[in-house]
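First up is the structure itself, then whatever we jot down about it.
The values are calculated or read from the model by the stated rules, or taken from the named source; none is laboratory data. Remember, it's a predicted structure, so these values are computed and weren't measured experimentally. Cβ placement follows ideal geometry from the backbone for every residue including glycine, while neighbour counts extend to all protein chains displayed. Note: accessible area is taken over every heavy atom of the protein model, side chains too, but ligands, DNA and RNA are not part of it. Shrake-Rupley method; radii C 1.70, N 1.55, O 1.52, S 1.80 Å.
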Amino acid sequence: MRKNLRTVLRVENLRKYYGSIKAVDGVSFIVEKGQLVSILGPNGAGKTTTIEIIEGLRTPDHGTIEYFGTFNTITNEVKERLGVCFQENFFFEELTVLETLKLYSSLYNRSLPLNEIITMFDLEESLKKRVRHLSGGQKQRLAVALAFVNDPELVLLDEPTVGLDPHARHHLWDVIKHFKSLGKSIILTTHYMDEAHQLSDMVYIMDSGKIIAWGSPQELITSSGLNAVIEFPATHAHLFEETVVTGDVAIISTPDAPGAIKRLLDVGVENFIVRHPTLEDVFLKLTGRRID
Ligand code: ATP
């Protein structure tokens, strides 16, 4: 059979159990060259375990991973071609940002010129600061930058925008888009729906160790069959069948938004929102829960 040279990662039927906890329970997906694939799911869904198995940090109980169409294990050559940003990062706190960048780039045979990384991640101002003096957001930015020092073909980013302020978050989105435009691939885990929607070519929605749905963001929304979504106070949830209540908000999806709005107005409810369905609604429909 001919290999598809565009497939940079193929994960098949991955399983990892901890006693009775099925952290990863039969996960399969592929990542093509130039694609951003996100694994979207709530805390405890199994995203980090999946990513850490791919990174070679955990051993699966079952399943196979093929890297770059060639390798069935994570060899040194594979590591040279991967970039990794862990969910929790450990730094040498006494090193400066510049020293940290130099140290990491010295670990690889191939690395990007450091000034490219520094500009890309807006690190100029903190270069001389010791890591222990960085704010949480600055540390996170450094952690993500380190995933790119070896000019990798595939980058794994485990919840990279947690702890970033909105500006830094959007800046990182731009960096990721730029990286993708160079024909590189990214796996991103996130529980931010907007992030997955904005950045992903393919989204794998994960819950309780399993992939429960996949597709492009728009495919997921279209195939969910959701129509206009209306949010209104949960005290009026009884007005409609199939209302989902989360906290004090009731949510319905309806093909007849004008009819539903009239019904709300007839009983004096004016504080409602009508909007397009999002990946959050898809998750809610699939699981009956909000993602966070
Ligand atoms: P988060 O977003 O909180 O990191 P996640 O989707 O990445 O969540 P995992 O960290 O992969 O989820 O955890 C999946 C499940 O496996 C959870 O129930 C977790 O408690 C469990 N788990 C993970 N690592 C271990 C371990 N070493 N021993 C026992 N259980 C574990």
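How much of the accessible area of region 149-190, in percent, comes from carbon and sulfur atoms when a 1.4 Å probe is used?
Details: 830 of 1400 Å².
C and S fraction of accessible area: 59 percent.
Whole number in Å², please: accessible area per residue of the chain, 1.4 Å probe, ligands, DNA and RNA not counted. Please list the in-between numbers first.
Numbers: 14630 Å² over 292 residues.
So the chain comes to 50 Å² accessible per residue, rounded to a whole number.
Ignoring ligands, DNA and RNA, what percent of the accessible area of region 48-123 is carbon or sulfur (1.4 Å)?
Values: 2180 of 4180 Å².
C and S fraction of accessible area: 52 percent.
Grab the other residues whose beta carbon is less than 15 angstrom from that of ARG58, score K and R as +1, D and E as -1, and report the net. Intermediate values should be presented prior to the final figure.
Numbers: positive: ARG15, LYS16, LYS22, LYS47; negative: ASP25, GLU52, GLU55, ASP61, GLU88, ASP158.
Within the 15 Å Cβ shell, the charges total -2.
Add -39500 (n - 2.57) for each DSSP H run of 4 or more in the chain, then divide by its residues: what number comes out at 222 nm, to the nearest 500 deg cm²/dmol?
Computed ellipticity for the chain at 222 nm equals -9000 deg cm²/dmol.
Holding the Cα-Cα limit at 23 Å, pick out from LYS128/LYS177; LYS47/LYS102; LYS47/LYS180 the pairs that are longer than that.
Values: LYS128/LYS177 28 Å; LYS47/LYS102 30 Å; LYS47/LYS180 21 Å.
As for pairs spanning more than 23 Å Cα to Cα, those are LYS128/LYS177; LYS47/LYS102.
Once you compute Rg and the Kirkwood Rh from C-alpha atoms, what is the Rg to Rh ratio for the chain? Walk me through the numbers before you get to the answer.
Working: Rg = 21.5 Å, Rh = 20.8 Å.
Computed over Cα atoms, the ratio is 1.03.
Let me check something: with ligands and nucleic acids excluded, how do LYS180, LYS47, LYS262, LYS128 order by accessible area (1.4 Å probe), largest to smallest?
I get LYS128, LYS262, LYS180, LYS47, largest accessible area first.
How would you order 156-166, 225-235 from highest to lowest mean count of nearby Cβ atoms within 10 Å?
Numbers: 156-166: 19.1, 225-235: 16.5.
Result, highest mean first: 156-166, 225-235.
Can you give me the distance in nm between label points at GLU55 and LEU182, each placed 7 Å from the Cα along the Cα-to-Cβ direction?
2.1 nm
For region 217-285, with all protein chains present and a 1.4 Å probe, just round the carbon and sulfur fraction of the accessible area to a whole percent. List each step's numbers first, then the result.
Working: 2110 of 3820 Å².
Ligands and nucleic acids excluded, carbon and sulfur reach 55 percent.
Please give the contour-minus-distance gain from ASN271 to ILE21: 0.36 nm per residue of separation, less the Cα-Cα distance, rounded to one decimal in nm. Each step should come with its number before you reach the end.
Values: separation 250, 0.36 × 250 = 90.00 nm, distance 4.22 nm.
Length difference between fully extended and current span is 85.8 nm.
Dividing the alpha-carbon Rg of region 1-123 by 2.2 N^0.38 Å yields what?
Working: Rg = 16.8 Å, N = 123, 2.2 N^0.38 = 13.7 Å.
Its radius of gyration relative to the 2.2 N^0.38 Å reference: 1.22.
Under a straight-distance cross-link criterion of Cα-Cα below 26 Å, which lysines are reachable from LYS262, leaving out those fewer than 8 residues away in the same chain?
Filter leaves LYS285.
Relative contact order of the chain, please, whole-number percent, based on alpha carbon pairs below 8 angstrom and at least 6 residues apart. Write out the running numbers ahead of the final one.
Values: 541 pairs, mean separation 61.0, N = 292.
Relative contact order, the chain: 21 percent.
Sticking with the crude label model, points 7 Å out along Cα→Cβ, report the distance from HIS236 to ILE74 in nm, one decimal please.
In this crude spin-label approximation the distance works out to 5.2 nm.
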